[in-house]
1. With the Cα gyration tensor of the chain giving a ≥ b ≥ c as the square roots of its eigenvalues, does the rule (a/c under 1.5 for rounded; else a/b larger than b/c for prolate; else oblate) give rounded, prolate or oblate?
2. Dividing the alpha-carbon Rg of segment 4-72 by 2.2 N^0.38 Å yields what?
3. For the pairs Lys3/Lys48; Lys33/Lys117; Lys109/Lys135; Lys19/Lys48; Lys31/Lys117; Lys3/Lys108, note any where the Cα-Cα span goes beyond 28 Å.
4. Using Cα pairs closer than 8 Å and at least 6 residues apart in sequence, work out the relative contact order for the chain, in percent.
5. Can you tell me how much longer the chain between Ala2 and Ala133 gets when fully stretched, taken as 0.36 nm per residue apart minus their C-alpha distance, in nm with one decimal?
6. Using only the alpha-carbon atoms, how far is helix 113-126 inclined from the longest principal axis of the chain? Give it as 0 to 90 degrees, nearest 10.
7. How many angstrom separate the Cα center of segment 1-34 from the Cα center of segment 124-138?
8. Between Leu101 and Arg80, what is the label-to-label distance in nm when each label sits 7 Å out along the Cα-to-Cβ direction?
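A short reminder: the numbers here are calculations on the coordinates, not readings from a lab. Because the structure is a prediction, the values reported are computed rather than measured. For neighbour counting, all protein chains shown are included, and Cβ atoms are generated from backbone atoms with ideal geometry for every residue, glycine included.
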Amino acid sequence: MAKLHLELTGVEMAFDTAKGPFIALDNVNLKIKKGEFVSLIGHSGCGKSTVLNIVAGLLQASKGGCVLDGHEVNSPGPERAVVFQNHALMPWLTVYENVELAVRQVFKKAMSRQERKEWILHNLELVNMAHAAGKRPG
Ligand SMILES: Nc1ncnc2c1ncn2[C@@H]1O[C@H](COP(=O)(O)OP(=O)(O)O)[C@@H](O)[C@H]1O
Ligand SMILES: [Mg+2]
């Protein structure tokens, strides 16, 4: 039997709003094994993106926990990726600078400026975007 890969336990997400806390997720429990392919399906606003953002480490659950390969998730990391529904790009930054923003955040001081440059250009080449490195999204 495959090992447990990702586990959400009793996850609650309370967003602060002008009208007080809004409970978007209440006691969400999920177990995913290595190699499993899982779809979260539900109506708009039911909390799918909120779950993904917690797993991505972009949001912190207000209760409960998210454990990936035995480690608690509390920040983004290079072993997890999210493809957003919108472009999620800064229109005033170039393609290179947009990618750099994320690469800096994920690798912090673990990568030198030169390593970062090579990593960004390598990944832009992988998706045939290297020619646009100096262009803005628009
Ligand atoms: N930052 C936020 N502040 C307040 N409410 C939010 C915030 N983000 C999401 N919500 C609310 O939480 C609920 C779940 O949102 P979301 O996870 O984006 O749903 P889905 O991806 O399933 O459409 C929605 O009612 C949404 O309006
Ligand atoms: Mg969504």
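1. Details: a/c = 2.10, a/b = 1.57, b/c = 1.34.
Since a/c reaches 1.5 and a/b is larger than b/c, the shape of the chain is classed as prolate.
2. Values: Rg = 12.4 Å, N = 69, 2.2 N^0.38 = 11.0 Å.
That ratio works out to 1.13.
3. On the way: Lys3/Lys48 24 Å; Lys33/Lys117 35 Å; Lys109/Lys135 26 Å; Lys19/Lys48 22 Å; Lys31/Lys117 37 Å; Lys3/Lys108 30 Å.
Checking Cα-Cα distances, Lys33/Lys117; Lys31/Lys117; Lys3/Lys108 exceed 28 Å.
4. Values: 176 pairs, mean separation 28.8, N = 138.
Here the relative contact order equals 21 percent.
5. On the way: separation 131, 0.36 × 131 = 47.16 nm, distance 4.08 nm.
Contour length minus Cα-Cα distance gives 43.1 nm.
6. Once rounded, one gets 80 degrees.
7. 35 Å
8. The modelled label-to-label distance comes out at 2.0 nm.
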